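Notes follow the structure.
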Amino acid sequence: MNSDRRSLLTAGLMLSAFGANGLVAQTAPPTAGSALPPGLPQPVETIDLWPSGAPGMPTRPPVEKTTERSTDALVSDRAVLGLTVPRMAVFRPDRPNGAAVLLIPGGGYNHVVVDKEGYEMARWLTARGFTAFVLFYRLPYDGWAAGPDVCLSDAQRAMRLIRHRHAEFAIDPERVAAMGFSAGGHLCADLATRFTAATYGSVDEADLLGARPFCAAPIYPVISMKPGVAHPGSREKLLGAAPPSALEAAHSPDRNVPADAPPFFILHAEDDDVVPVENAILLRQALKAMSIPVETHLFEHGGHGFGLRKAIGKPVEIWPELWRNWARSIGFA
């Protein structure tokens, strides 16, 4: 089958899936155009965040591009950049348990990973009854008018849209959690500490709803923007090469914890050689100082970016069940 015909058939299947659920076909999930591993379900349902286009479009809009980085035909490792249509890929469980998780993949604010911290975790969640929404957010260095707040705008909007459309997914609008990885962990923590920040103008009735997650799970997160603790690449992509100290403080979630922040689950490996474990510790200390419930797990070994696939065979492999047990304990799952 040639690639043009394959693309048309795929598009037809996607439209059929949207029609079957009574939804309007929206922008397709990111794809690298190469063959996908067999047996792994791919999302066919997406939700565009902004009905009239994302606000603050750069004068020279970026061009979306997805790259397949894996050399293993059985494992995908895609990364997407140049996003101008921020959106969520939807994963529905066979039997919804009423709870939803907004998944925020990492990528150092340089790109957004698709599989390792997005689709793989979404499949794990749906197998256990959670509805999962994988967020593909705009990147801060592309020239958007919101600047460093552009990613938070997308995360806030995503939370409000999930709540607004909760009946379509058989979920409780209050039970919507956030989980993020690495730079996505920074965005997760930013969302859970600055959920009331006015980062964009209201566009419809969904924006009347709150953006505060029920609970937040930053996994091996970037937190501090302070030199020496911050992940240098994420800091530069988010804030620029030489940001003023006030901007560093504004985008360091450990320095912006409100009294009504949601409960947190924090996970990090002490041998992380990309994002220092001090990031997780600083966030925990700040949450404790504000009497916010926080569950913290530090593993001796695990490195960075383990997700599910790189945790296999290590003690840190248990982390998703630790999160699930904690989620039960706070009434989320």
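Being surrounded by fewer than 24 Cβ atoms within 10 Å (Cβ to Cβ) and in a helix (DSSP H, G or I) is the requirement here; does P148 meet it?
Spelling it out, P148 is indeed surrounded by fewer than 24 Cβ atoms within 10 Å (Cβ to Cβ) and in a helix (DSSP H, G or I).
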Open item on the list: Step by step: first the residues of segment 126-145, then only those that are among the aromatic types (F, W, Y) and over 18 Å from R194 (Cα atoms), then the one that is surrounded by the fewest Cβ atoms within 10 Å (Cβ to Cβ). Which residue is that?
Closed with: Y141
TODO: Go through segment 159-256 and tell me which helices (runs of 4 or more DSSP H), entirely inside it, have 2 or more residues that are hydrophobic (A, V, I, L, M, F, W, C) and surrounded by fewer than 24 Cβ atoms within 10 Å (Cβ to Cβ).
DONE: 245-250
Open item on the list: Tally up the residues in segment 203-222 that are farther than 24 Å from D172 by Cβ and either out of contact with any helix residue (DSSP H, G or I) (no Cβ under 6 Å at 6 or more places or on another chain) or without any contact (Cβ under 8 Å) to a residue 40 or more places away in the chain (or both), please.
Closed with: 2
Open item on the list: Among the residues that make up segment 149-156, is at least one of them under 11 Å from the mean Cα position of the chain (by Cα) and of a type in the set (D, E, K, R)?
Closed with: yes
Task: Selection status of F264, among the aromatic types (F, W, Y) and either surrounded by fewer than 24 Cβ atoms within 10 Å (Cβ to Cβ) or out of contact with any strand residue (DSSP E or B) (no Cβ under 6 Å at 6 or more places or on another chain) (or both) - done: no
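When you go through A286, A259 one by one, which is the residue that is in a loop (DSSP other than H, G, I, E, B), more than 16 Å from G180 (Cβ to Cβ) and hydrophobic (A, V, I, L, M, F, W, C)? Explain how you work it out, then say what you get.
Values: A286 fails: in a loop (DSSP other than H, G, I, E, B).
Criteria check complete, one pass: A259.
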Open item on the list: For segment 268-315, give me each residue that is among the hydrophobic types (A, V, I, L, M, F, W, C), surrounded by 17 or more Cβ atoms within 10 Å (Cβ to Cβ), over 24 Å from V257 (Cα atoms) and without any contact (Cβ under 8 Å) to a residue 60 or more places away in the chain.
Closed with: F299, A311
Open item on the list: Being out of contact with any helix residue (DSSP H, G or I) (no Cβ under 7 Å at 6 or more places or on another chain) and buried (at least 16 other Cβ atoms within 10 Å of the Cβ) narrows it down to one residue among R78, R87, R60; which is it?
Closed with: R87
Task: The one condition in (1) of a type in the set (A, V, I, L, M, F, W, C); (2) buried (at least 22 other Cβ atoms within 10 Å of the Cβ); (3) closer than 20 Å to A280 by Cα that A259 fails to fulfil - done: (2)
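Since every read-out is calculated from the coordinates, none of them should be taken as a lab result. Note that this is a predicted model, so its numbers are computed, not measured. Backbone-built Cβ (ideal geometry, glycine too); neighbour counts: all protein chains shown.
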